[in-house]
1. Quick one: which residue in B:145, B:154 is under 18 Å from residue B:226 (Cα atoms) and within 12 Å of chain A (Cβ to nearest Cβ)?
2. Looking at this structure, is residue A:124 within 23 Å of residue A:208 (Cα to Cα), more than 27 Å from the chain's Cα centre (by Cα) and not in a helix (DSSP H, G or I)?
3. Considering only the stretch A:259-268, how many residues are crowded, with 21+ Cβ neighbours inside 10 Å and more than 12 Å from chain B (Cβ to nearest Cβ)?
4. Mind checking which residues of the stretch A:148-165 are more than 9 Å from every other protein chain (Cβ to nearest Cβ) and either within 20 Å of residue B:278 (Cβ to Cβ) or of a type in the set (S, T, N, Q) (or both)?
5. Output yes when any residue across the stretch B:116-133 is within 28 Å of residue A:140 (Cβ to Cβ) and either crowded, with 21+ Cβ neighbours inside 10 Å or touching a helix residue (DSSP H, G or I) at 6+ places or on another chain (Cβ under 6 Å) (or both), and no when none is.
6. Just to check your reading of the model, which residue among A:242, A:260, A:287, A:277 is closer than 30 Å to residue A:179 by Cβ and either among the β-branched types (Val, Ile, Thr) or over 17 Å from the mean Cα position of the chain (by Cα) (or both)?
7. State whether one or more residues within the stretch A:185-203 are part of a helix (DSSP H, G or I) and more than 21 Å from the chain's Cα centre (by Cα).
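The values are calculated or read from the model by the stated rules, or taken from the named source; none is laboratory data. Predicted model, so just to flag it, every value in this text is computed and none were measured. A quick note on method: Cβ atoms are made from the backbone with ideal geometry, for glycine too, and the neighbour counts reach across all protein chains shown.
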Amino acid sequence: MRAYVLRRLGQGAVLLLVVSVVVFTIIHAAPGGPALLVNPDVDPSMAREMEQLLGLDQPIPVQYARWLGNAVQGNFGRSYQHSLPTLRLLGDRVPNTLLLSGTALGLAVLLAVPLGTLSAVYRYTVVDYAATVAAFCGVSIPVFWLAILLIILFSVTLGWLPSAGMLTVGVPFSWGDLLRHLAMPAVVLATFPLAQLTRYVRASMVEVLAQDYIRTARAKGLPEASLLGRHALRNALIPMVTVLGVLTPRLLGGAVVTETIFAWPGLGRLAVEAAITRDYPVIMGATLLVSAVVIVCNLVTDLLYGVIDPRISLR
Amino acid sequence: MSVPESVVLAAPIGEPAAARGAGYLWRRFRRNRLAVLALGYLVAVHAVAALAPSLPLPAPETMDLLSQFAGPSWEHPLGTDETGRDVLARLAFGARTSLAVGLSAMVMAVAVGTVLGAVSGFYGGPVETLVMRFTDGMLTIPTFFLALLVLAVFGSNIVNVVVVIGLTGWMVVARVVRAEVLRALPQDFVMASRALGVGEARLLVRHLLPQAWPSIIVAATLGVAYAVLTESALSYLGLGVQQPTPTWGNMLTGAQHYVWKSPILAVYPGAAIMGTVLAYNALGDALSDTLDPRHAGS
């Protein structure tokens with residue numbers, strides 16, 4: 001087991017390296033640079049001076065080598081936009097994104113399991129059709145549109161919830177304030193995973209409920225609720241672990257759009273702004289951070305899978 | 001890509017449904033009423049998109065600052081937007097752009113995915129390992145962010161958008177095609193073909209790949225849904241198709257700013273996106289059931 005984990009971590013490290021090379025090449029390959037974007041009419045000699053200062057005039061492999069050398073020591077440079085050390089900038093934003101994504105994922109899982117189960121147990125009834133249609137809509141709706149609709153309803157029309165930011169400016173911190181700001185973004189972000197997971201849980205439960213051991217348990221006189229909870233659910237949830245693994249990168253990606261609409265001060269929004277303003281250090285830092293998180297999540301998912309299902313052995 | 005592989009992979013025991021002819025397939029497809037509705041809707045939307053220039057609509061890019069946020073009228077059946085452009089016309093021409101991008105990106109993703117999947121499944125060995133590792137790697141990277149990055153860096157015109165979406169959505173197709181090729185390889189006809197002297201390349205392209213058609217079609221349909229959704233998100237963020245070319249996504253960017261003044265402007269393009277994506281998803285699901293019933297959901 002330890003060998004497996006070490007091997008996966010090693011592969012993950014290689015992958016991160018490859019990703020860093022690819023991203024580095026992409027961002028440095030294009031014309032124009034941070035100086036030009038701040039001021040398109042910048043004096044060419046000033047632009048060149050800036051480039052020299054930042055080391056952007058050297059050949060790309062040299063730049064990369066320098067970046068890599070610094071990176072492995074934990075120095076990810078300073079943001080061009082914010083003049084703060086990259087790691088600190090990332091560190092400030094990460095908890096916010098974790099809060100948002102975590103809440104969204106939690107919501108999705110907590111609602112998908114009962115919904116999917118109900119759908120499976122009461123197959124082909126109104127409940128099932130309603131849930132299936134809702135799930136279909138959930139995976140098809142554009143995240144930003146749902147956000148706008150909710151803003152129209154809850155901010156413009158009803159005035160219940162704030163439409164942007166994480167906390168109200170100028171007001172002392174309160175949990176209620178945070179929750180009111182968190183409500184809409186979390187719901188929006190949770191929609192796609194919820195819909196996707198519901199479909200999976202339903203399909204999985206349908207398959208499990210057709211199994212012989214369920215029939216046996218029923219024949220033995222086991223009450224239905226107990227049957228569902230103790231036998232069916234446990235087996236049906238195994239594939240869900242894999243789905244969660246696939247959904248994680250998507251969740252982080254979806255957070256980008258959601259964070260932008262709701263002006264949530266998270267990693268996703270930082271990354272988008274960095275991409276637009278060619279803030280190279282932040283781009284590199286953010287991409288690698290997100291990739292690393294996904295790699296770890298995949299590893300955890302696979303390990304969990306091995307733990308939950310005793311038939312699976314990790315090679 | 002969000003296409004769940006279990007929906008797409010075939011497990012035919014015995015004769016695949018596709019072998020029994022088009023009439024049979026259509027009758028089976030027809031049983032799914034949602035899918036038939038979806039198909040009808042898609043035909044309508046694509047027709048509007050294709051015929052948009054010939055329809056009696058005002059030009060989508062003509063601004064008229066004297067009639068901003070106008071309500072529905074004979075001249076502007078759905079009103080006007082924040083710069084006085086006709087909403088209905090923008091929706092129709094937006095359909096043109098969004099669907100064109102969606103379909104092209106899908107074609108690209110399917111092409112790349114099929115080639116990679118077929119090659120890795122057929123040749124096996126180090127080729128397979130390399131391709132599969134590459135695929136897994138791509139699935140690990142946050143592709144939406146990568147797409148944003150590439151578009152921010154290289155500029156966001158229609159071609160770039162299509163390429164970027166295509167190059168971030170091929171992975172599921174590759175996995176599916178590889179699985180199909182691996183499933184088809186042990187069959188007797190492969191051995192027979194080889195014995196008859198059929199070349200390896202010909203065997204792959206003309207005999208093995210057709211086995212994968214149903215799965216590829218399903219993946220392609222779901223791929224269009226993904227592409228349209230992604231294009232709209234990118235355009236919404238301002239990194240996709242640029243104004244004044246209308247696309248459903250960038251119509252929403254404008255609408256969002258004026259959500260306090262004219263919320264209805266946000267409803268139309270979003271509904272269009274959702275309707276189309278929903279229809280493609282439903283179609284894909286139904287095709288999956290029709291062409292390969294063994295793994296059908298319910």
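1. Details: B:154 fails: under 18 Å from residue B:226 (Cα atoms).
Of B:145, B:154, the one residue that is under 18 Å from residue B:226 (Cα atoms) and within 12 Å of chain A (Cβ to nearest Cβ) is B:145.
2. Details: within 23 Å of residue A:208 (Cα to Cα): yes; more than 27 Å from the chain's Cα centre (by Cα): yes; not in a helix (DSSP H, G or I): yes.
Judged against the criteria, residue A:124 is a match.
3. 2
4. If the condition is that a residue be more than 9 Å from every other protein chain (Cβ to nearest Cβ) and either within 20 Å of residue B:278 (Cβ to Cβ) or of a type in the set (S, T, N, Q) (or both), then A:150 is the only one that fits.
5. So in the stretch B:116-133, the residues within 28 Å of residue A:140 (Cβ to Cβ) come out as B:116-117.
Now restrict to residues that are either crowded, with 21+ Cβ neighbours inside 10 Å or touching a helix residue (DSSP H, G or I) at 6+ places or on another chain (Cβ under 6 Å) (or both): B:116-117.
Within the stretch B:116-133, one or more residues are within 28 Å of residue A:140 (Cβ to Cβ) and either crowded, with 21+ Cβ neighbours inside 10 Å or touching a helix residue (DSSP H, G or I) at 6+ places or on another chain (Cβ under 6 Å) (or both).
6. Values: A:242 fails: closer than 30 Å to residue A:179 by Cβ; A:287 fails: closer than 30 Å to residue A:179 by Cβ; A:277 fails: closer than 30 Å to residue A:179 by Cβ.
Exactly one residue qualifies, and that residue is A:260.
7. Step one: list which residues in the stretch A:185-203 are part of a helix (DSSP H, G or I), which gives A:185-203.
Checking the rest, the ones that are also more than 21 Å from the chain's Cα centre (by Cα) come to A:202-203.
Taking every residue of the stretch A:185-203 in turn, at least one turns out to be part of a helix (DSSP H, G or I) and more than 21 Å from the chain's Cα centre (by Cα).
Yes or no, residue by residue, for (1) surrounded by fewer than 24 Cβ atoms within 10 Å (Cβ to Cβ); (2) of a type in the set (Gly, Ala, Ser); (3) within 14 Å of chain A (Cβ to nearest Cβ); (4) closer than 21 Å to residue B:168 by Cα:
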site	(1), (2), (3), (4)
B:225	no, yes, yes, yes
B:228	no, no, yes, yes
B:242	yes, no, yes, yes
B:264	yes, no, yes, no
B:276	no, no, yes, yes
B:283	no, no, yes, no
